[in-house]
Amino acid sequence: MLSGWLFNVCFFLSVLAARTVALHAEQFDEELTLRPLRDGKLAARFSFTTLLKGVAPRNPERLDEDDDSQHYTLFPLALGQILREYAVTEMHLTLNAGNWAYDRWGYPDDLGVSTGAELWAWMGEGGPVTVDDRWKGLRNALAGLFCASLGSLDEQRTTSPALTFQPEGSLPRWNASHQLRHATLPSEHVCTENLTPFLKLLPCKARSGVAMLLNPHRLFDADWHGLGVHVRYLDAGVEVRLAFQAVFDPVRLSSDKRRDWSLRSVFDRTIDRACPVARSSEVRVELLPDSAYAITPDPSEIDGNRATYAVKDRTEPLDVAMRWPGEEAFQYPIEAAPLSPLSVRRTLKGSSQSDAQLSVVIRNNLPVQVRSSYLETMPWLVEFYLHTLHADIGGVPRDDLVSVISYTAPVPHTRPTLFQAILTLPPKTTLHLTMDVTKTFLRYTEHPPDAQRGWDLPPAVLIPFDFGEDPIQNHTTSPGTSAKYARPARPRRIYTSVLLVDLATPDFSMPYNVIIMSCTLIALIFGSVFNLLTRKFVLVRLDGDSAEQKPDVK
Amino acid sequence: MDHSSRPLVDPAKPFFESNHTRRSIIASYWLVVLLAVPLWWTTTSIDRLSLPTSRVLAQQDKQLVFPVHVCLSTQESSLAGPTATLARVVQQLLDAEREMQERSGVHIHTDLDCDRDVYEVEVLSGTNQPTIEGKRLRFEIDETQVMSAMRLTDTLLTLLAPYVTLRSNNHQTERVLKYAPRYRLALSLLNEDATSEHSIKAWDVQGHLSKHISPILDRLSVLHNFTVESQIQFHAPLAFEPVTLQGSGQEVHGLTQEHLTVFVNSAEWTLSSSVSNDPVIHFILFVPSAKHTPLHILDAAGQPVASSAFILPQWGGIVVHNPNSAISESTVLVPSELDLMFATFRHQLMTLLGVPELSKNIQSNQSLTDWQIDALLRRRAIENAQGSKDTLRSIVQLVRQIENMPVGHDVKDDVQGSLTALEQTYAAASSSLHASIERSKEAITLASRAFFNPGMLALLYFPAEHKYAVYTPLFGSIAAPLLAAVIRELMAWRRTRHGAQQAGSKDAKEKVD
């Protein structure tokens, strides 16, 4: 009797404990950051963070054993299955459309703004399945999950630039080390078919909370838009962050060329109800201190230049609006200093179908010297001539500014190029980098269906990491300026624009013409040789003995 | 010019010009062509290995039958005589049902020899219902021999051949999932709308899984492996509007029989699993929104039925949970409610996996008896054997019908391996059930791998006409002078022979003249 009673008590206690664990082991936070930009545009960043507490990524050495059962409340099961199946420690997938204008918009809130698709993952070594096999499985599984052609991120596009893409979380301490795999597909275009599966991974889908604003009609009409999936391992557990960024143009949307915006005018929706399972749900608006604006409704909290609205506290639908009452029509700023430390322009010059010249123009906008890493990951379609790499400033050769060059030559049809270097950029100057490239001649079957369009080449990545270390610069610039740029929280990536290369494209009806023509030629040559060999030759007397005369050819 | 001044070589005939040389040249051309034909043939022909067709066809008429040995024993000395008689009568009664036994793939034999590992019936005196302990059935008799024998025969048939007896559910065979070595059990708690007041935000899934489902999974581990996973969704709308009924005092919402067939809203519910090819068994706990509460299942006449659960054949089970209005504030499920739901899930899982139901008048202390497991094993072995037979026959027929289909070594090896495993399944049926099921698993795996071999489709879409279209411009124009040369030489040869004959006959004529 007593034991039965004890059993009951223990059972209920254990049930209670399990329930509290289930309630607190996962937490979901959502936030929307709105940032009015200098050129009248509005940057919006949705961020949905799910933290699975007390869970470590799967150790690849245990891939041949049965995995633990996956029981999730808020964490997306479809993504969790992929991460466990391929033992991925950290993963970043971004699908973007458009060029991020660093000069006018500054750094993005989420750094991954490479045009097209970009996928990189840190995975542990060891175990029964190799890193490359798991990388292949990962990109195919993600391709299926997000309806994107990530399956084409194959060995011909995969590199391992570990210095540029450092893990954002921590890596578990296993026996074997971790490896990076990185690939880009600039021709991939993000659209509604990628957003729909993205929304299905959210606990509240697009039916409540901040995600209600994710209206595909408006998002894909934006000047720049992109979605991202970021998985990392923190000491607290595994964190999945789903993000959507877009840059809207309220001036274009408004009838009278004003930059006033509201959630209703930008997204065509308002936040009607809060997501019931979100721990926090906030809308943040960054305010421009130097202009006369009005913001409605009253924010829950104002912290410096940032107004915060807590969606959960509100009973009526939330429609944040910002107006500039004093402005008749928005005047675009004509001349304004760039907002990013570096401005980069990258082009491919030359009209020939076999050779071209890669030209990168980098301007250091800061009054201090900047050291920056420079990364090119090119598919084998173009090959660099490294000895033609030249740097100059205003026509003066300065090859000494390029140092620590590492280069992995491409293997045609198999492996891409990897080129890394450290650039030293003097203050307020423009560095020109040029390098000759040769375009490969593709096999007939390697051309895409739209071969005449050309091939998109991935963006280069720059990371300014060292500001004003040069003693001369420290001497000439004021200590305040130096300190301002000296220690950024973490080095931030700058993606250049993508390139389009035109390769020699065959006439695709050629094979049949070639078959017919070469057959005709062979038949002609064969016929004449054969006739020569088997023809009957005789001497013909011309002095008239008709009796001896014979026809010359039989 | 006289004969003496002539050189030995006739200048009218160039030294390189002779019939012999010319004919050798033509012959050597033809020789090259003829020698090249086998090379061309081997490089362009399709690799078609011969399949063991006769062995496959020989398998078609075989039936897998498991001999089952049941022994009767008793501890009570007074029952020794009646037990022996009982065994004899039961055997007679079973023999009368021979056809039915064969249909379910068993051949039951009863005797008194209990020294081997067999099903044992312990005969006791009493009036209680039969009980099962492991492989032993306690059977109590008190009435006449004939009645007991009929009762025992009936019980044995229900236990050993449960799938075709009249008692079992006829729909069961269509509900059961196809055999797979590994299943994924996906439990989903779906809230129609989590922002409404009746919503469940958490459930103790692990505790109830280990309490209700895991014992079953452990018992079934001889046959299947399982991966279990669970998720909660907070917005899972229905794709249709339930009908509204005016019940006693309050509005009641109902799911008609048609609604049940389209209940799963696969466009909006993220249920599918993308990482593996294992079949998924879904279990869904659906919590309707306040707008649709209470939600009941309606019968054909449109009246609410007592049960709130239903099975989608070969897909999974669904339980509709109407939150109790008294405790509607709670956003978690109380253990007693969850116990009920997981008991339903367990029953649905057993139905979907084809576990036979234990008839109600047989008592057992286990949730799943050895008799049930063995019946399931026999059923799966028979299904697998039948499946591999059908697949092998399809492969053979397909290869015979489509002449362009290549058959490589891997396909041939798989077919042969499957055949060998199938033959071993039959051979092992009389000795060991477990060996037999293992071999039958192997047979069906190999047969499906052979059937879905990607290499068999390689040349299917490249017909011979295309080849000839490419060859003709070359071979046609080359064949013309080759043939012409042969014909010309033949005609020249005939003319010279004719000329020689004519000349010969002329000479003879002249001689005669």
Can you compute the modelled spin-label distance between B:Gln401 and B:Val32, with each label point 7 Å from Cα toward Cβ, in nm?
4.6
To the nearest 0.05, what FRET efficiency results for B:Ile487 and B:Trp41 with a Förster distance of 35 Å applied to their C-beta separation?
0.85
Mind checking the mean number of beta-carbon atoms from other chains within 10 Å of the Cβ atoms in A:70-83?
5
Segment A:270-312: which residues show an accessible-area loss of 50 Å² or more, assembly versus chain alone, 1.4 Å probe?
A:Pro276
Carbon plus sulfur, as percent of the 1.4 Å-probe accessible area of segment B:177-352, comes to 51
Using only protein heavy atoms and a 1.4 Å probe, how much accessible area in total is buried between B and A, to the nearest 100 Å²?
4600
Can you classify segment A:73-127 as rounded, prolate or oblate using the Cα gyration tensor, where a ≥ b ≥ c are the square roots of its eigenvalues, rounded means a/c under 1.5, and otherwise it's prolate if a/b beats b/c and oblate if not?
prolate
Efficiency of FRET from Cβ geometry, B:Val334 and B:Leu245, R₀ 25 Å, rounded to 0.05:
0.35
Given a 1.4 angstrom probe, what's the average accessible area per residue across chain B, in square angstrom?
52
Please work out whether the protein assembly as shown counts as rounded, prolate or oblate from its C-alpha gyration tensor, where a ≥ b ≥ c are the square roots of the eigenvalues and a/c under 1.5 means rounded, while otherwise a/b larger than b/c means prolate and anything else oblate?
oblate
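So with the 1.4 Å probe, I'd like the accessible area per residue for segment A:89-138, rounded to whole Å².
Ligands and nucleic acids excluded, the result is 25 Å² per residue.
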Carbon and sulfur %, accessible surface of segment B:381-506 computed with the full protein complex present, 1.4 Å
62
Below 8 Å between Cα atoms, with a sequence gap of 6+, how large is the relative contact order for segment B:177-352 in percent?
31
For segment B:220-244, state which residues have at least 30 Å² less accessible area in the presence of all protein chains than in their chain by itself, taking the probe as 1.4 Å and leaving out ligands, DNA and RNA.
B:Val228, B:Glu229, B:Ser230, B:Gln231, B:Ile232, B:Phe234, B:His235
In nanometres, what is the gap between the two model label sites at B:Leu49 and A:Leu539, each 7 Å from Cα along Cα-to-Cβ?
6.8
So if we plug the beta-carbon distance of A:Ser280 and B:Glu140 into 1/(1 + (r/R0)^6) with R0 = 45 Å, what FRET efficiency do we get, rounded to 0.05?
0.10
Length gain on complete extension for the stretch A:Asp132 to A:Ala292, per 0.36 nm per residue less the alpha carbon to alpha carbon distance?
52.1 nm
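Report the antiparallel proportion of the DSSP beta bridges in chain A as a percent, rounded to a multiple of 5.
On the way: 124 of 130 bridges.
Within chain A, antiparallel bridges account for around 95 percent of the total.
Quick one: Kirkwood hydrodynamic radius for segment B:177-352, alpha-carbon pairs, angstrom, one decimal?
16.9
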Normalising by the residue count of segment B:226-279, find the relative contact order in percent from Cα pairs under 8 Å and 6+ residues apart.
30
Compute the length gained on full extension between A:Thr408 and A:Ile515: take 0.36 nm times their separation in residues and subtract their Cα-Cα distance, giving the result in nm to one decimal.
34.6 nm
Spin-label model distance (nm) - B:Asp113 vs B:Ser367, 7 Å beyond Cα toward Cβ
3.9
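For chain A, what is the mean residue ellipticity at 222 nm derived from helices alone (per DSSP H run of n ≥ 4: -39500 (n - 2.57); sum divided by total residues; nearest 500 deg cm²/dmol)? Can you show the working numbers first?
Details: 11 runs with 113 residues, N = 554.
Calculated mean residue ellipticity at 222 nm is -6000 deg cm²/dmol.
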A correct Stokes-Einstein calculation for chain B, using the alpha-carbon Kirkwood radius, 20 °C and 1.002 mPa s, returns a whole-number D in µm² s⁻¹ of 71
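The values are calculated or read from the model by the stated rules, or taken from the named source; none is laboratory data. Bear in mind the structure is a predicted one, so any value in this text is a computation, not a measurement. As a convention, Cβ positions derive from the backbone with ideal geometry for all residues, glycine included, and neighbour counts pool all protein chains shown. Note: areas computed on protein heavy atoms with side chains; ligands, DNA, RNA excluded. Shrake-Rupley method; radii C 1.70, N 1.55, O 1.52, S 1.80 Å.
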